[in-house]
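For reference, the structure is listed below as structure tokens.
The values are calculated or read from the model by the stated rules, or taken from the named source; none is laboratory data. All values reported here derive from a predicted model rather than from experimental measurement. Reconstructed Cβ throughout: ideal geometry from the backbone, glycine too, with neighbour counts over all protein chains shown.
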Amino acid sequence: MYLFLALHSLSLKISSNCGSTTIIEPPRWGQQSGEEKVDKMPLHPEDIRPELKEDIYDPSYQDEEGPPPKLQYVWRNIILMVLLHLGALYGITLIPSCKVYTWLLVIFYNVVAGLGITAGAHRLWSHRTYKARLPLRLFLILANTMAFQNDVYEWARDHRVHHKFSETHADPHNSRRGFFFSHVGWLLVRKHPAVKEKGGKLDMSDLKAEKLVMFQRRYYKPAVLFICFILPTLVPWYFWGETFQHSLYIATFLRYTAVLNFSWLVNSAAHLYGYRPYDRNFGARENILVSLVSLGEGFHNYHHAFPYDYSASEYRWHVNFTTFFIDCMAALGLAYDRKKVSKATVLARMKRIGDGSRKSS
């Protein structure tokens, strides 16, 4: 908690535009066919972010006609997920008798793990929206391991496919298949062949060249076992005399289940409920409640419209702890080259293809 108080005091010294790169959206060409004809075509990523092209939406891809392949259940995942959630439900019943320090550990662990996903796997490694120096990359790779949602390389590959082929069969958690599938069901079945095909064709050379990311991938399983399960169980039991039962079911099972579901809401709720002020053709939506529990990832229509913006939002710190954290790291010299879309570009896109839910001027 002292870390976050220090970061908060540091924020008073940060200028909102310090060290960031303002991006002007390149010209578009052509039109996309659909329910409404609009001039939404893919950006030219070489003009805005030369180190990455693989997360830019590709409107030319269409699902093949015919029935989808039969679902192939992964029973190991189903059984483990059911047991995990049952353990979390039992952990809820133990909360009244839980020690305060255990609950503080749960909050601290989940905030750090959440940053490993949002500031690390998502904004740094999936989208390259900013750059980080070695100490920050080490912290984020450790935090990402705490979250246990696949290693950075696999997470980023699936996420780039999600952006490039959003709401098609090539999207790992295609929201058109319903809330349950996009929330957790996609982890309980074999990937659609289109996901494997398109994911295998992505250029992932930037992550393959990053030694820290590949080191994590190589030792991911033992690292996860220790830092996500063993450590949070032993710490309360050993250091402040929490019962082993409370440590296991609250500090481990309930904590891990909570961070999973908070993250999954970005795939499910933020693709099904909310407004689309920036691009009415994307299924991704603005959902303030999702932002509250996901450290700022609920401004999802904006993020799909401008995936190269480090804030993943038009509003920077507004219900967006991840942007606040990155800006604090920039003030310390650990983050730099933060990419931000210009206000004029945002307003122009809203007027052109937004759903009209928010005034654009």
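Brief remarks on what is shown
- Out of Thr129, Thr118, Thr145, Thr102, one residue alone is of a type outside the set (A, V, I, L, M), buried (at least 18 other Cβ atoms within 10 Å of the Cβ) and in contact with a strand residue (DSSP E or B) (Cβ under 8 Å, 6 or more places away or on another chain). It is Thr129.
- In the set (1) over 19 Å from the mean Cα position of the chain (by Cα); (2) over 17 Å from Asp151 (Cα atoms); (3) touching a residue at least 60 places away in the same chain (Cβ under 8 Å); (4) not in a loop (DSSP other than H, G, I, E, B), the condition left unmet by Ile227 is number (2).
- Subset of the stretch 181-218 [in a helix (DSSP H, G or I), of a type in the set (A, V, I, L, M) and either in contact with a strand residue (DSSP E or B) (Cβ under 7 Å, 6 or more places away or on another chain) or closer than 19 Å to Tyr57 by Cα (or both)]: Ala194, Val195
- Those residues of the stretch 145-167 which are within 21 Å of Tyr302 (Cβ to Cβ), in a loop (DSSP other than H, G, I, E, B) and either in contact with an Asp or Glu (Cβ under 9 Å, 6 or more places away or on another chain) or among the hydroxyl-bearing types (Ser, Thr, Tyr) (or both), in sequence order: Phe165, Ser166
- From Leu105, Leu142, Leu115, residue being assigned to a helix (DSSP H, G or I) and touching a Pro at 6+ places or on another chain (Cβ under 7 Å): Leu105
- Among the helices (runs of 4 or more DSSP H) confined to the stretch 247-361, the ones with at least 2 residues that are hydroxyl-bearing (Ser, Thr, Tyr) are located at 255-267, 321-331.
- Residues in the stretch 264-303 that are among the aromatic types (Phe, Trp, Tyr), modelled with pLDDT of 95 or more and surrounded by fewer than 24 Cβ atoms within 10 Å (Cβ to Cβ): Trp264, Tyr273, Tyr275.
- Boolean, Lys221 is out of contact with any strand residue (DSSP E or B) (no Cβ under 6 Å at 6 or more places or on another chain), over 26 Å from Tyr61 (Cα atoms), among the basic types (Lys, Arg) and without any contact (Cβ under 8 Å) to a residue 12 or more places away in the chain: yes
- Taking first residues from the stretch 160-174 that are surrounded by fewer than 23 Cβ atoms within 10 Å (Cβ to Cβ) and partners that are modelled with pLDDT under 95 and polar (S, T, N, Q), the Cβ contacts under 8 Å between residues at least 6 apart in sequence or on separate chains come to Thr168/Gln62.
- Looking only at the stretch 171-218, residues that are of a type in the set (Lys, Arg) and over 21 Å from the mean Cα position of the chain (by Cα) come to 4 in all.
- Check on Val290, in contact with a helix residue (DSSP H, G or I) (Cβ under 7 Å, 6 or more places away or on another chain) and free of Cβ contacts under 8 Å to residues at least 60 places away in the same chain: yes
- Leu332 being farther than 19 Å from Phe282 by Cα and out of contact with any strand residue (DSSP E or B) (no Cβ under 8 Å at 6 or more places or on another chain): yes
- Neighbours by Cβ (under 6 Å, 6+ apart or cross-chain): first from the stretch 120-134, of a type in the set (Phe, Trp, Tyr); second assigned to a helix (DSSP H, G or I): Trp125/Val152; Trp125/Ala156
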